[in-house]
Amino acid sequence: MAAVIFGIGLFVSVQGWKTNHQAVAAVTHLAQSVATQTASADTATVPSTAQPSTNDLSSYNVAPDKPRYITIDKIGVHARVLSLGLTADGALAVPGNVFDAGWYNRSSLPGQPGAMVIDGHVSSWTTNGVFYDLKKLAAGDTLSIERGDGQKFTYKVVRTVLYDAESVDMQALTQAITAGKPGLNLITCAGKVKPGTSEFTQRLAVFTEQLQ
């Protein structure tokens, strides 16, 4: 009966990163906070539910080496990938639109060693978000990233992991799942909504490896 709740609400504090973009510090805080969700330089507290138009998608551009689109045919995802950093309090920023995905811009670039980290909203109060059906992915499923220069990279799901919201292994999430192969790791909210809040009890992570 509950209305669909929005957001990934994933917050990450890290102490440092290697030059190959792999995390070397454990997470010190993970929580969901609607009031402090941001996307890129945006300070909006509630993500938009305005569906991007075909023109919005086709006209979206990024630098040649940056991720532009994520496509997951199995669950009907074709979305813009926004470059996101950290908020002033060390939290991982999340997209300002429930239909967009967010690339953490201190994780790896497409095709480079290490792993990209991409997050996305599971839903809003009124509509499903970009990663609503992420739970349907299984080992062997494929997805792709298109860079700003049009080059595409294909990834295969290796495993999915459900974490309690307070115990996400962010060090694992920011590293390649398979040694020697670039990775792409996705994360969103999962589980049940905590009574009286808009917080989810779990996080769903999908670990993938690049296909050669």
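The values are calculated or read from the model by the stated rules, or taken from the named source; none is laboratory data. Predicted model only: the values in this text are computed from it and were never measured. Here the Cβ positions follow ideal geometry from the backbone for every residue, glycine too, while neighbour counts run over all protein chains shown. Ligands, DNA and RNA are excluded from the accessible area calculation, which covers all protein heavy atoms including side chains. Shrake-Rupley method; radii C 1.70, N 1.55, O 1.52, S 1.80 Å.
Highest mean first, the peptides 59-65, 109-115 sorted by other C-beta atoms within 10 Å per residue fall in the order 109-115, 59-65. In terms of accessible area, using a 1.4 Å probe and ignoring ligands and nucleic acids, 125, 103 rank largest first as 125, 103. Measuring with a 1.4 angstrom probe and ignoring ligands and nucleic acids, residue 78 comes out at about 100 Å² accessible. Inter-label distance, residue 202 to residue 54: 3.8 nm, where each label sits 7 Å from its Cα along the C-beta direction. Accessible area per residue was computed with a 1.4 Å probe on protein heavy atoms; residue 147 scores about 40 Å². The heavy atoms of residue 181 offer some 70 square angstrom of accessible surface to a 1.4 angstrom probe. Distance between the 7 Å Cα→Cβ label points at residue 178 and residue 164: 3.2 nm.
Order 106, 80, 203 by their accessible area, 1.4 angstrom probe, all chains in place, largest first.
From most accessible down to least: 106, 80, 203.
With K and R counted +1 and D and E -1, the other residues having a Cβ less than 14 Å from that of residue 139 yield a net charge of +3.
How big is the convex hull of the Cα atoms of region 78-194, per residue, in Å³?
Dividing the Cα hull volume of region 78-194 by its residue count gives 124 Å³.
Would you work out which of 82, 93, 110 lies farthest towards the positive end of the dipole of region 80-192, given +1 charges on the beta-carbon of Lys and Arg and -1 on that of Asp and Glu, about the Cα centre? Projecting each Cα onto the dipole axis, the largest value belongs to 110. A crude spin-label estimate for the pair residue 135 and residue 151, with each label 7 Å from Cα along the Cβ direction, gives 3.7 nm.
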